[in-house]
Amino acid sequence: MSAPLAAGDPCLLFDSKGRRYLMNLTPGRVFQYHLGSLPHDDIIGTGDGSIHTSSKGSRLTAIRPRLSDYVLKMERGAQVVYPKDAGWVLVSADIGPGMTVLEAGTGSGALAMVLARAVGPTGRVVSVERRDDHHAHASRRIAGFFGEVPPQLELRQGAVEDVIAEIAPDRLVLDIPEPWHIVPEAAETMPDGSVYCAYLPTVPQVQETRRAMAATKRFIDVVTVEVLVREWPIEGRSVRPAHRMVGHTGFITTGRKIAGAPVSATDQEE
Ligand SMILES: C[S@@+](CC[C@H](N)C(=O)[O-])C[C@H]1O[C@@H](n2cnc3c(N)ncnc32)[C@H](O)[C@@H]1O
């Protein structure tokens with residue numbers, strides 16, 4: 001059983017129509033919406049998933065947000081990597097406990113949180129952000145979910161280009177506009193067998209990145225995918241795909257760094 005909701009915890013309120021409201025529980029603060037109000041103090045100390053009644057008699061369910069709920073509802077600085085894409089990043093870049101991951105840019109901190117969870121307390125994520133406002137914003141959002149910036153997550157302000165040689169990461173995860181500039185240095189400094197992963201919204205950016213990877217002759221198994229997720233509402237006998245879905249977000253390109261030129265010519269074709 002999970003612990004009761006405590007002061008400072010992130011909390012998601014669901015109303016009777018399934019609308020979601022995200023907050024960090026703060027003593028003395030009152031949640032207000034069009035169907036009344038509910039003091040945070042009434043929620044603090046109650047169970048995860050507890051039911052409450054607003055001042056106008058409407059029901060609200062208080063539940064601890066999943067990381068994906070939090071990322072989608074939190075206040076954003078930069079555009080976040082959506083949970084559907086973050087899931088594929090974790091699997092295709094093969095990120096797991098104990099690994100060292102270098103990420104850039106931190107942006108709103110959405111992907112950094114997912115990565116920090118995946119590597120766990122025995123791993124290390126260094127997340128680099130060029131802009132000081134994004135760096136500060138991400139730090140607040142991350143602490144808002146975990147209670148503090150987790151010890152395995154180091155938020156650095158600066159450019160990823162200046163950090164990669166020092167970190168020599170097992171996994172490099174980039175959500176920056178021009179990740180191809182760092183490809184030659186990644187090929188020089190990342191350990192053999194490591195994974196380069198770039199998340200990019202447009203085709204020309206993917207082409208530049210693939211070209212740069214091929215030019216180094218140090219990457220194999222280079223793959224670009226797009227992740228499409230379509231929800232199916234199920235209401236009685238009405239079972240069908242949702243009318244709307246998150247359309248295009250980005251392409252995810254991954255490749256494995258190797259010791260020398262690939263043996264297969266197809267690995268180099270662009
Ligand atoms: C789209 S946002 C990243 C969002 C992040 N992945 C998330 O899920 O919240 C891109 C960020 O990269 C930063 N950036 C761009 N180039 C960079 C570089 N070379 N080194 C570090 N950060 C960089 C930008 O300032 C911006 O905040």
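The values are calculated or read from the model by the stated rules, or taken from the named source; none is laboratory data. Keep in mind the model is a prediction, meaning the values are calculated, not measured. Quick reminder, even Gly has a Cβ in these numbers, built from the backbone with ideal geometry, and neighbours come from all protein chains shown.
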Notebook entry, point to check: For the stretch 205-215, does any single residue satisfy the condition of being in the same structural domain as ARG130 (by TED's automatic domain parsing), in contact (Cβ under 8 Å) with a residue 60 or more places away in the chain and within 21 Å of the chain's Cα centre (by Cα)?
Noted result: no
Item checked: Hey, SER55 of a type outside the set (Val, Ile, Thr), touching a strand residue (DSSP E or B) at 6+ places or on another chain (Cβ under 7 Å) and loosely packed, with under 15 Cβ neighbours inside 10 Å or not -> yes
Next item on the list: Note down all Cβ pairs under 8 Å where the first residue falls in the stretch 77-96 and is within 18 Å of PRO201 (Cα to Cα), the second is more than 9 Å from the ligand (Cβ to nearest atom) and modelled with pLDDT under 95, and they're at least six residues apart or on different chains.
Entry: TYR82/VAL246; LYS84/VAL246
Checklist line | Residue in the stretch 191-204 that is surrounded by the most Cβ atoms within 10 Å (Cβ to Cβ), counting only those that are of a type outside the set (A, V, I, L, M) and over 21 Å from LEU115 (Cβ atoms) | finding: THR202
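Results for (1) out of contact with any strand residue (DSSP E or B) (no Cβ under 6 Å at 6 or more places or on another chain); (2) within 14 Å of the ligand (Cβ to nearest atom); (3) of a type in the set (Lys, Arg), shown as yes or no for each residue.
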{"residue": "VAL80", "(1), (2), (3)": "yes, yes, no"}
{"residue": "LYS84", "(1), (2), (3)": "yes, yes, yes"}
{"residue": "LEU90", "(1), (2), (3)": "yes, yes, no"}
{"residue": "ALA93", "(1), (2), (3)": "no, yes, no"}
{"residue": "ALA116", "(1), (2), (3)": "no, yes, no"}
{"residue": "PRO121", "(1), (2), (3)": "yes, no, no"}
{"residue": "ARG130", "(1), (2), (3)": "yes, yes, yes"}
Check: How many residues does the stretch 132-184 hold that are of a type in the set (Gly, Ala, Ser), in a helix (DSSP H, G or I) and within 9 Å of the ligand (Cβ to nearest atom)?
Finding: 1
Note to self: Pairs please, first residue from the stretch 47-74 and of a type in the set (Asp, Glu), second anywhere and surrounded by 14 or more Cβ atoms within 10 Å (Cβ to Cβ) and not in a strand (DSSP E or B), Cβ atoms under 7 Å, 6+ apart in sequence or on different chains.
What the structure shows: ASP48/LEU5; ASP48/ARG64
Note to self: On the basis of being free of Cβ contacts under 8 Å to residues at least 40 places away in the same chain and surrounded by 10 or more Cβ atoms within 10 Å (Cβ to Cβ), does MET245 make the cut?
What the structure shows: yes
